[in-house]
1. Non-local amide H neighbours of L180 (under 5 Å, H modeled in plane, Pro and chain starts lacking H): which ones?
2. For n ≥ 4 DSSP H runs only, could you compute -39500 (n - 2.57) per run for the chain, divide by its residues and tell me the 222 nm figure to the nearest 500?
3. If the chain between A17 and H109 were fully stretched, how many nm would it gain, using 0.36 nm times the residue separation less the Cα-Cα distance?
4. Please give the charge dipole size of the chain, origin at the Cα centre, charges +1 on K and R Cβ atoms and -1 on D and E Cβ atoms. Round to the nearest 20 debye.
5. How high is the relative contact order of the chain, given as a whole-number percent (alpha carbon pairs under 8 Å, six or more residues apart)?
6. Roughly speaking, what is the centre-to-centre gap between the stretch 62-116 and the stretch 179-215 when only Cα atoms are used, to the nearest Å?
Amino acid sequence: MPGDFAADRELCPACHATLPWNRHACRGCALPLQADDGGALCGACLQRKTRPLTEVHSAFIYAAPLDRLLPRFKFHQSLPAGRLVAGLMADVLQNIETRPEALLPIPLHRARLRQRGYDQALELARPLSRALGIPLLHDALRRHKATAPQSQLDKRARQRNLRDAFSLATTRPLPRHVALIDDVMTTGATLEAAARTLHRAGVARVDAWVVARAL
């Protein structure tokens, strides 16, 4: 059941219970819904003609204390924080109805990777892959365009920023159903840009699994 406490993690039951779990959310964009609307689509997703992402699953809402924990992981080399949230994601996703055939972390551009020293999406995807027994395709996508930080842009600018930012980095056939892994979803522009690249390569279904959904 989502949010069950795993006793082997360095998190006390009281802290675990107060985390901002995203238990009832739109399956198309992971925005929170009323409790009795679980599994439904929000109004915005219902109005969209096409959705590059079939389903989006977010373990948490981006709120305290995740809004402090995730920046530590992403920008300050706190890899234990990444392993903790990956384990909590695995708790939420272990009983997902339709499991993907592979996990694909959203890649960093090589310049950003050199600057940061590690890829936070890959550091999430590795323990998720082990915990859920789903293969990891860590080298299937390439981010060949050095984009401006998304946090500095509005929705339309984010979409322009990511145009043609991704390409395939493999000639191997890809599975028909994959899940993209990332830390935070804000507008979804990054995940959707990657999903469109995968669809053009013949992937039939692309989902997104993220730690937290920004409101």
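1. L104, D207, A208, W209
2. On the way: 8 runs with 75 residues, N = 215.
Here the helix-only value at 222 nm equals -10000 deg cm²/dmol.
3. Values: separation 92, 0.36 × 92 = 33.12 nm, distance 3.61 nm.
So the extension gain works out to 29.5 nm.
4. So the magnitude is around 1080 debye.
5. Values: 381 pairs, mean separation 50.8, N = 215.
Dividing the mean separation by the residue count of the chain yields 24 percent.
6. The stretch 62-116 and the stretch 179-215 have Cα centres separated by 13 Å.
No value in this document is a laboratory result; all are computed from the given coordinates. The shown structure was predicted, so the numbers you read here are calculated from the model rather than taken from an experiment. All Cβ positions, even for glycine, are placed from backbone atoms using ideal geometry, and neighbour counts span all protein chains on display.
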